[in-house]
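The values are calculated or read from the model by the stated rules, or taken from the named source; none is laboratory data. Just so we're clear, the structure is a prediction, and the values are computed from it rather than from any experiment. All Cβ positions, glycine included, derive from the backbone under ideal geometry; neighbour counts span all protein chains shown. Ligands, DNA and RNA are excluded from the accessible area calculation, which covers all protein heavy atoms including side chains. Shrake-Rupley method; radii C 1.70, N 1.55, O 1.52, S 1.80 Å.
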Amino acid sequence: MNDMEEVRRQFPILGTVNYLNSCSLGALSLRAEERLSEFTQRWHRMGASAWYEHWLGAIEELRGEVAGLFNAPAATVALLPSTSACLAMIAESLEAGTRRRIVTTELDFPTLLYQWKVRPDVELVILESDDGVRVDPQKFEDAVDERTLMIATSHVFFTTGHIQNLEVLSSVAHRVGALCLIDGYQGAGQIPLDLPATGVDFYTAGPLKWLCGGPGLAYMYVREPLNRELEPRITSWFATKDQFEFNPGAFRYHDDARRFELGTPALPTVYTALGGHELVTAFGVSEVRARNQSLTQRLIEQCLEAGCSLRMSPDPETRSAILLIEHGDPGAVVRALAERKVIVDYRPGVVRVSPHFYNSEDEVDAFVGELVQAAGA
Ligand SMILES: Cc1ncc(COP(=O)(O)O)c(C=O)c1O
């Protein structure tokens, strides 16, 4: 049983504003701040010797936490600076030989497409959505064949909050001998994961949003045995098996997913991420999912009652805690709400609201009340 008052006390922002924008940035917790100060105190006291005694260990602690979140071995997890860096790393780990086609969708985050757009050796197929919310799995099925290198798409569309079925996507790709890459930035932390069971080859995520860990790092899952086989064309001293031998003449890839890493990770984020993960994990990702479903359902019902037009999946099971409310001038609405201390976001044509486990029912209700006034203003 989670004590909601205790949970909410961990997130001071909830005492100052109505914060409903976790899909952009998860709230900072006291726990994350404590962990960050552990880092800065050691920096003060120990300088560089903190590296060997504490910081390298903290990186491995985080890798272990992420592995737990993915329900996968630590050997399948690499830490990189951003999702874009993970995607570039994957792009630079694959040869586009006779398989030159990447199948993606118009609902995916642009950086996912940009990786391939800049490569003249790759042909990008962008699937369209019929309803502006989902892409029918049949479209992936129809688009892939022996020329396909990879399906590259999202777990949860940032544009619509729709959750895609990873087992279906990976089996569609594998049936034709292609790979499956999932951008899970909007999935990890709000949807329980068992990545090996899904069959996906690559999954990228990060602490910034639903894991409440702040900016500066991303997590990349590479399934066994690809984590030991791929040989990326961009690399670093963190990717070599003999990192601390400092031998410029000898490079050997690390045995596992660490071969995909690119230099010194952002240590402040390692610490804030550890603090954020601790709270999400203590609450339980399944419980986060259940709570977020209940808050989102409440939000949907009230928005519909208030006459809003919603862009959302018709099937509640494939809805996440990202809700899109259509509006002609969403920027103006979001600014008016911010003046009333309600923090949400917008994308072209929509106000974007994303409650998380720490939000209360009262906050959801108050948002709808303020929205009605701001949207009419
Ligand atoms: C689904 C998704 N992918 C990728 C990104 C961007 O990732 P990064 O800035 O780490 O490259 C975002 C950020 O908002 C996102 O929502």
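If a cysteine in the chain has no other Cys Cβ under 4.7 Å from its own Cβ, put it on the list, ordered by number.
Cysteines lacking a close Cβ partner in the chain: Cys23, Cys86, Cys180, Cys212.
Of all accessible surface on segment 154-256 at a 1.4 Å probe, what whole percent is carbon and sulfur?
Carbon with sulfur: 56 percent of the solvent-accessible area.
Would you work out what percent of the accessible area of segment 1-75, with all protein chains in place, is carbon or sulfur (probe 1.4 Å)? Could the numbers behind the result be given before it?
Working: 2210 of 3990 Å².
Solvent-exposed carbon and sulfur of segment 1-75 make up 55 percent of the total.
How big is the dipole moment of the chain about its Cα centre under a simple scheme where the beta carbon of each Lys and Arg is +1, that of each Asp and Glu is -1, and everything else is neutral? Debye, nearest 20, please.
In debye, rounded to 20, the chain gives about 760.
Taking Cα pairs under 8 Å and at least six residues apart, what relative contact order does the chain come out at, in percent?
22 percent
On average, how much accessible surface per residue is there in the chain, in Å², for a 1.4 Å probe, leaving out ligands, DNA and RNA?
The answer is 41 Å² per residue.
What percentage of all Cα-Cα pairs in the chain are separated by more than 39 Å? Present the calculation step by step, with values, prior to reporting the outcome.
Working: 12827 of 70876 pairs.
It works out to 18 percent of all Cα pairs.
Over the alpha-carbon set of segment 206-250, divide Rg by the Kirkwood Rh and report the Rg/Rh ratio to two decimals.
Here the Rg-to-Rh quotient is 1.10.
Can you classify segment 216-277 as rounded, prolate or oblate using the Cα gyration tensor, where a ≥ b ≥ c are the square roots of its eigenvalues, rounded means a/c under 1.5, and otherwise it's prolate if a/b beats b/c and oblate if not?
oblate
Nearest 5 is fine: what % of DSSP beta bridges in the chain come out antiparallel, could you say? Could you put the intermediate results ahead of the total?
Values: 20 of 40 bridges.
Antiparallel: roughly 50 percent of the beta bridges in the chain.
What 222 nm value per residue comes from the helices of the chain, counting each DSSP H run with n ≥ 4 as -39,500 (n - 2.57) and dividing by all residues, nearest 500 deg cm²/dmol?
Calculated from helices alone, the mean residue ellipticity at 222 nm is -11500 deg cm²/dmol.
Output the relative contact order of segment 201-343, whole-number percent, from Cα pairs under 8 angstrom with separation of 6+ residues.
18 percent
Rounded, prolate or oblate: pick one for segment 241-377, where a ≥ b ≥ c are the square roots of the eigenvalues of its C-alpha gyration tensor, a/c under 1.5 means rounded, and failing that, prolate if a/b is larger than b/c, else oblate. List each step's numbers first, then the result.
On the way: a/c = 2.80, a/b = 2.34, b/c = 1.20.
Prolate, because a/c is 1.5 or more and a/b exceeds b/c.
What does segment 77-130 give for Rg and for Dmax, in Å, if only its C-alpha atoms count?
Cα-based Rg and Dmax for segment 77-130 come out at 11.9, 36 Å.
Viscosity 1.002 mPa s, temperature 20 °C: give me the Stokes-Einstein translational D for segment 113-228 in µm²/s, with Rh taken as the Kirkwood radius over C-alpha pairs.
143 µm²/s
Along the charge dipole of segment 327-375, pointing to its positive end and built from +1/-1 on Cβ of Lys, Arg, Asp and Glu, which listed residue (Val368, Val344, Phe357) has its Cα farthest out?
Of the listed residues, the answer is Val344.
With point charges of +1 on the Cβ of Lys and Arg and -1 on the Cβ of Asp and Glu, referenced to the Cα centre of segment 221-377, which listed residue (Ile300, Pro314, Leu230) lies farthest in the positive direction of the dipole?
Among Ile300, Pro314, Leu230, the one farthest towards the positive end of the dipole of segment 221-377 is Leu230.
For Thr240, what residues show an amide H to amide H distance below 5 Å, using hydrogens built from the backbone and excluding near sequence neighbours?
For Thr240, the qualifying residues are His254.
How would you classify segment 6-130 from its alpha-carbon gyration tensor, with a ≥ b ≥ c the square roots of the eigenvalues: rounded for a/c under 1.5, else prolate if a/b is greater than b/c, otherwise oblate?
Note, shape of segment 6-130 comes out oblate.
Straight distance only, please: which aspartates and glutamates reach the Cα of Lys117 with their own Cα at less than 19 Å, same-chain residues fewer than 8 apart left out?
Those aspartates and glutamates meeting the cut-off are Glu92, Glu95, Glu106, Asp108, Glu128, Asp183.
Count charges around Arg258 for me, please; just the other residues with Cβ under 13 Å from its Cβ, Lys/Arg as +1, Asp/Glu as -1.
0
Kindly rank 317-328, 293-304 from highest to lowest mean number of other beta carbons found within 10 Å of each residue.
Ranked by mean Cβ neighbours within 10 Å, highest first: 317-328, 293-304.
Once Lys and Arg get +1 and Asp and Glu get -1 on their Cβ, which of Phe202, Ala178, Met220 lies farthest toward the positive end of the dipole of segment 178-239?
Checking the options against the dipole of segment 178-239, the answer is Met220.
So, in nm, how far is label Ala306 from label Glu5 when the simple model puts each one 7 Å beyond its Cα toward the Cβ?
Output for this residue pair reads 2.9 nm.
Quick one: check the C-alpha center-to-center distance for segment 193-244 versus segment 105-162, whole angstrom.
Between the Cα centre of segment 193-244 and that of segment 105-162, the gap is 21 Å.
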